[in-house]
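The next block holds one structure in the form of structure tokens; read it before the comments.
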Amino acid sequence: MRQAREACQTHAYDKAEAVLLELIEFAPAEIQAWQLLARVQKGLGKTHQAIDSATRALELQRAAQDKTDIPASITLARLLWDQGDSEAARAMLGILMLRRPDDEELAGLKQQWEMEMPA
């Protein structure tokens, strides 16, 4: 993970992706690796793969959590928004905001989305 994070800091996304794919092959249940891979793939313009990776991270997170807890990810919310699925993106953002009502990043994202697309 350290190598992948360092590669991301220098915007060497191809290298980061290769490191993460190797890590995931070795440890397929590593949630943080899937989350970072989704961000890296988004940076590389691989939106469909990024959605798949973010979805896998959420599936793993769900398996690790209480089944009554709804998993949510700001990364996946953004990817869904970028793909034009504003309804799903807003629903996920709503879940995140219920959990973290004082989060300025979430509030800013909500405001941005409200300005970009009418409710």
Considering only residues of segment 74-114 that are of a type in the set (S, T, N, Q) and surrounded by 12 or more Cβ atoms within 10 Å (Cβ to Cβ), which is nearest to THR55 (Cα to Cα)? THR75
Set ALA77, ALA88, ALA107, ALA57: member being in contact with a helix residue (DSSP H, G or I) (Cβ under 8 Å, 6 or more places away or on another chain), in the same structural domain as HIS11 (by TED's automatic domain parsing) and of a type in the set (A, V, I, L, M): ALA57
When the residues of segment 9-50 are filtered to those that are assigned to a helix (DSSP H, G or I) and of a type in the set (Ser, Thr, Tyr), which remaining residue is nearest to ARG62 (Cα to Cα)? THR47
Could you pull out the residue among ALA27, ALA7, ALA16 that is surrounded by 13 or more Cβ atoms within 10 Å (Cβ to Cβ), of a type in the set (A, V, I, L, M, F, W, C) and farther than 23 Å from ASP82 by Cα? ALA7
Test: residue in segment 56-73 that is at pLDDT 90 or above, surrounded by 15 or more Cβ atoms within 10 Å (Cβ to Cβ) and not small (Gly, Ala, Ser): yes
Return the residues of segment 85-100 that are part of a helix (DSSP H, G or I), of a type in the set (Lys, Arg) and at pLDDT below 85; say none if nothing qualifies. ARG99
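The values are calculated or read from the model by the stated rules, or taken from the named source; none is laboratory data. The structure presented is a predicted model; accordingly, all values stated were derived computationally and were not measured. Heads up, the Cβs are rebuilt from the backbone with ideal geometry, glycines too, and the neighbour counts pull from every protein chain shown.
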